[in-house]
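The values are calculated or read from the model by the stated rules, or taken from the named source; none is laboratory data. Note that the structure is a prediction, hence the values are computed from the model and not measured. A quick note on method: Cβ atoms are made from the backbone with ideal geometry, for glycine too, and the neighbour counts reach across all protein chains shown. Surface accessibility is based on the protein's heavy atoms, side chains included, excluding ligands, DNA and RNA. Shrake-Rupley method; radii C 1.70, N 1.55, O 1.52, S 1.80 Å.
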Amino acid sequence: MPPPSARAFYLGVFLISGLLMALQIVQSRIFSVTTWYHISFLVVSVAMFGLTVGALKVHRGKEAEQRANYARDMADASFKFAIGILVALTGLMILPVLSEKLLYTLIVLPVVSAFALPPYYFAGVVLSLAITRAPYPAARTYGYDLLGAAAGCLLALFAMETVDAPTALMFLALLALASARCFGKIKPMPAAVVAGLACLGIALNLFSARPVIYPLYMKYKAWPQSILSYDKWNSISRLTVELELRDVEPFLWGPSPKLPKGLKGSYYILAVDGDAGAAINRWGGDKGRELDYLDYDVTTLAYSLPGLKTAGIIGLGGGRDVLSSLHAGMKSVTAMDVNNIQVSLLSKVEPFKSYAAIGDRKDVKLIHSEARSWFASNPDTFDLIQMSLVDTWAATGAGAFALSENGLYTVEAWKTFLSHLKPGGVLTVSRWYMQDAQSEGERLLSLTMGALFDAGAKDPRKHIFMATAQRIVTLVLSRDPFTPAQLDALEKRAKQMSFNVLVSPRKGVSGTEFAEVLAAKSRQALDLLEKTSEYDISPPTDRRPFFFNQVKIGNPRQVISLAAGDDHNAIVGHAHAIANLYIIMLFSLLMVVIAIVYPLRSEMKAGNKFVKAGTAWFVLIGLGFMLLEISLMQRMAVYLGHPAYGLGVVLFSLVLSTGCGSLLSDLFPLKSNRSRILWALGTGLAIAASVFFIDAAMTAFSGVNLFFRSLICVSVTAPLGFLMGYGFPTGMEMARQAHARSTAWFWGINGAAGVMGSSLAIAINIGAGIDRAMFISALCYAVLAVAVLAYQSEKKSR
């Protein structure tokens with residue numbers, strides 16, 4: 001087989017790397033549908049593991065033969081990469097990943113990983129051959145690899161906004177076949193079969209009345225198309241609507257025990273990623289007694305306050321909070337949602353538009369926007385702002401633990417909301433509550449107190465009213481101290497409906513964590529609750545925006561005890577998330593040791609002092625890069641409004657700029673040890689400085705639109721990526737000069753560090769904060785100077 005031209009070769013590397021990145025992002029989206037958000041993070045580890053094992057396969061082959069036949073081998077592996085995508089899709093569509101039994105999940109996860117692994121393995125073979133065996137400069141090849149990965153980020157987001165995720169994977173398989181032709185010929189008959197299967201699947205999904213290829217299971221149960229009346233995907237969700245429930249008991253989150261028997265209602269259940277449910281209630285459009293049942297829900301408690309005329313709704317859902325506002329007599333309602341499908345469903349899609357009857361009303365505005373950025377960029381103020389159980393458990397390739405709603409539950413976000421209340425206005429938020437167990441109510445109260453302290457409230461307790469009904473706690477937070485008339489109205493409604501009042505300016509609280517939070521006299525005292533309380537109930541901030549993770553990640557006994565129990569509540573859900581992070585970290589470690597470190601141990605034993613210094617170099621750049629990448633994604637997701645935006649903007653700009661840095665290193669290499677030390681120290685200093693620059697920039701430009709916020713993020717990530725782009729090719733050049741046969745070990749250990757670094761970054765972000773993880777990343781790069789000194793010492797000793 002004749003070798004490809006340089007142009008065809010670099011194009012093939014670009015395509016394979018782009019498809020690889022797109023595959024990872026789309027698979028993460030599907031995992032978020034079929035499993036919980038915390039398990040979808042497994043894709044990151046499986047991807048990096050597969051790439052490294054593929055590189056190991058190349059290392060263990062015959063180098064001379066591989067150099068002679070690199071084009072043939074790359075074409076063959078690219079073809080198998082296309083097949084691997086379809087194999088991975090099959091596993092994702094048919095396997096029930098989750099069970100309420102933790103043991104079942106532990107058994108099935110390796111099976112799911114085995115289905116997901118093949119495309120990453122074959123992509124690893126292709127890229128390893130390209131960088132270590134093809135007759136082209138490694139730095140330039142690595143640069144095109146990263147440029148392709150950057151383009152893959154955009155490809156994935158475009159594909160998921162255009163078609164459903166399973167169909168997107170089939171398109172990726174077709175493109176993988178095309179990329180194989182860049183390296184050489186592939187067998188026509190097998191290629192035709194693979195292309196035919198992919199095209200058939202695409203046609204069935206795009207042109208059938210209902211999708212044919214879709215996940216058979218979401219979370220714990222089967223979801224056949226026969227029970228759905230609507231099914232649509234985008235880059236942040238799969239939104240389904242079940243068949244209508246007619247003349248049944250009304251849908252209430254926290255119903256009063258006084259709810260009259262015999263009340264009937266009709267509604268659809270809308271679900272995001274198969275779990276975060278909301279009701280689309282049938283409404284005739286008049287203000288008669290059709291919606292009286294809403295008064296019996298504790299989430300509507302704040303509507304009993306006098307003088308309310310305007311409402312802002314955070315999280316449109318099925319439109320029920322809009323109905324509550326209209327039923328209470330609001331003159332103007334503005335509802336916003338980050339998910340364009342939900343806005344479109346109630347404003348354009350029949351029969352749901354007519355069913356809910358809110359899409360065409362002049363007194364209702366339905367806005368597609370992330371709520372926090374909308375408030376920051378608009379001067380509108382409201383008498384009431386409502387946020388009821390906003391938690392879609394969404395995940396993307398951004399690292400999964402970056403829930404989209406985390407940015408709504410921070411001190412900084414609530415200060416923004418409070419600033420958009422009119423005098424006497426209130427923010428009302430409802431969350432999950434358990435009377436005899438830890439719940440989200442304690443942290444909700446802590447967040448409230450933190451926001452009030454930062455807003456300058458002298459006595460936060462005079463601003464807070466909380467009541468419960470069944471498993472729901474509702475907070476009513478006043479911008480100003482409650483007036484007697486307001487407290488009278490709240491207490492009257494609570495008494496009428498037999499809601500249990502937990503916190504009120506007129507009620508003392510003792511002997512609970514609620515009392516512990518209320519006793520805090522300062523913001524600093526609230527922050528100390530992380531250490532003094534059994535659970536982490538300290539106020540979440542933009543630097544540590546993990547409202548949903550109250551279980552302490554540094555307390556394995558607590559985590560395992562809760563996760564292994566039979567209780568079903570929010571805290572147990574948090575424990576399952578952390579327990580699965582433990583499992584993924586352990587699973588990653590075992591994969592790294594068994595499949596990478598152990599087979600390559602002979603390289604380390606046979607090496608010299610430089611091999612040890614080089615090992616430190618590639619471990620540090622692997623850890624440092626992943627710590628920074630995951631941290632920037634999570635931090636920027638809060639600012640941009642959703643993990644999908646954090647993924648698209650941060651990953652694209654970071655990988656693109658890293659690729660540019662790698663290409664530049666080929667033209668202007670770091671030849672002297674002095675320049676390498678200065679680069680290492682300068683990169684570490686730049687990463688550390690970015691922590692403070694990010695905070696300042698996000699505060700100064702909080703009110704600009706998404707485009708300009710994206711530019712702010714790029715201004716941070718691009719320079720850092722450019723600097724980090726020198727790390728890998730510089731290390732490889734030092735290895736070539738000092739100990740050429742150790743390059744395979746360095747490649748493998750760099751991949752191993754990446755596998756571990758991704759999960760380690762999440763653990764540090766949750767346990768210590770995003771800024772701490774970024775500082776550790778800066779330290780990793782700065783310490784590279786020591787590895788350079790060791791390299792210099794070894795050269796002198798020869």
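The residue among F775, A123, A311 whose Cα reaches farthest toward the positive pole of the charge dipole of the chain, with charges on the beta-carbon of Lys, Arg, Asp and Glu, is A123.
For the cross-link pairs K415/K458; K365/K492; K495/K531, the ones whose C-alpha atoms lie over 27 Å apart are K365/K492; K495/K531.
Assign one of three labels to region 621-665, namely rounded, prolate or oblate, based on the Cα gyration tensor with a ≥ b ≥ c the square roots of its eigenvalues; rounded applies when a/c is under 1.5, prolate when it is not and a/b is larger than b/c, and oblate otherwise. Judged from the Cα gyration tensor, region 621-665 comes out oblate (a/c at least 1.5, b/c at or above a/b). For the chain, the solvent-accessible area with a 1.4 angstrom probe is 37 square angstrom per residue.
Would you mind checking the pairs K521/K552; K232/K353; K57/K80; K331/K362; K62/K185 and listing those with alpha carbons more than 18 angstrom apart? Too far apart for the 18 Å limit: K521/K552; K62/K185.
Remark on the chain: ratio of C-alpha radius of gyration to 2.2 N^0.38 Å is 0.99.
Using a simple spin-label model with pseudo-atoms 7 Å out from Cα toward Cβ, S510 and A696 lie 5.0 nm apart. The heavy atoms of V411 offer some 0 square angstrom of accessible surface to a 1.4 angstrom probe. In the chain, the calculated helix contribution to ellipticity at 222 nm averages -19000 deg cm²/dmol per residue, counting -39,500 (n - 2.57) for every DSSP H run with n ≥ 4. Taking the accessible area of the chain, probe 1.4 Å, and keeping the other protein chains in place, the carbon and sulfur fraction comes to 62%. Distance between the C-alpha centers of region 697-764 and region 413-452? Whole Å please. Here the two parts' Cα centres lie 37 Å apart. Rounded to the nearest 20 debye, the dipole magnitude of region 48-154 is 220 debye, with +1 charges on Lys and Arg beta carbons, -1 on Asp and Glu beta carbons, and the Cα centre as origin. By DSSP, the beta bridges lying fully in the chain are antiparallel in about 65 percent of cases. A straight line joining the Cα centroids of region 194-223 and region 298-374 runs 33 Å. On C-alpha positions alone, give me the angle between the axis of helix 673-700 and the longest principal axis of the chain, in degrees, nearest 10. Relative to the chain, helix 673-700 is tipped by roughly 20 degrees. Separation of region 101-170 and region 639-674, taken as the distance between their Cα centroids, equals 18 angstrom. Here the simple spin-label model places points 7 Å from the Cα toward Cβ, and for A64 and K415 these points are separated by 6.9 nm. Extension gain, A525-R7: 0.36 nm per intervening residue step, less the Cα-Cα distance, totals 180.3 nm. Which angle from 0 to 90°, rounded to the nearest 10, does the C-alpha axis of helix 770-797 make with the longest principal axis of the chain? On a 0 to 90 degree scale, this one is about 10. Against the main long axis of the alpha-carbon atoms of the chain, helix 138-162 sits at an angle near 30°.
Taking Cα centre as origin and charging only the Cβ of basic (Lys, Arg, +1) and acidic (Asp, Glu, -1) residues, the dipole magnitude of the chain rounds to 1880 debye. Stretching the chain fully between S229 and L586 yields a gain of 124.4 nm (0.36 nm per residue, less the alpha carbon separation). 3J(HN,Hα) along region 51-59, derived from phi through the Karplus expression 6.51 cos²θ - 1.76 cosθ + 1.60 where θ = phi - 60°, amounts to 4, 5, 5, x, 5, 5, 4, 5, 4 Hz, with x in place of Gly and Pro. Residues whose amide H falls under 5 Å from that of S229, counting only those 5 or more places apart or on a different chain, are V241, E242, L243, with hydrogens built in the peptide plane. When only the Cβ of Lys, Arg, Asp and Glu is charged (+1, +1, -1, -1), the dipole of region 438-595 relative to its Cα centre reaches about 420 debye.
Dipole orientation for the chain: of the candidates L477, Y639, M387, Y639 has the Cα lying most toward the positive pole (charges on Cβ; Lys, Arg +1; Asp, Glu -1). Projecting the Cα atoms of G265, S498, Y142 onto the charge dipole of the chain (Cβ charges, centred on the Cα centre) puts Y142 farthest toward the positive pole. Applying 0.36 nm per residue to the separation of V786 and Q435 and subtracting their alpha-carbon distance, the gain on full extension is 120.9 nm.
The alpha carbon gyration tensor of region 261-348 gives principal lengths a ≥ b ≥ c with a/c of 1.5 or higher and a/b no greater than b/c, which makes the shape oblate.
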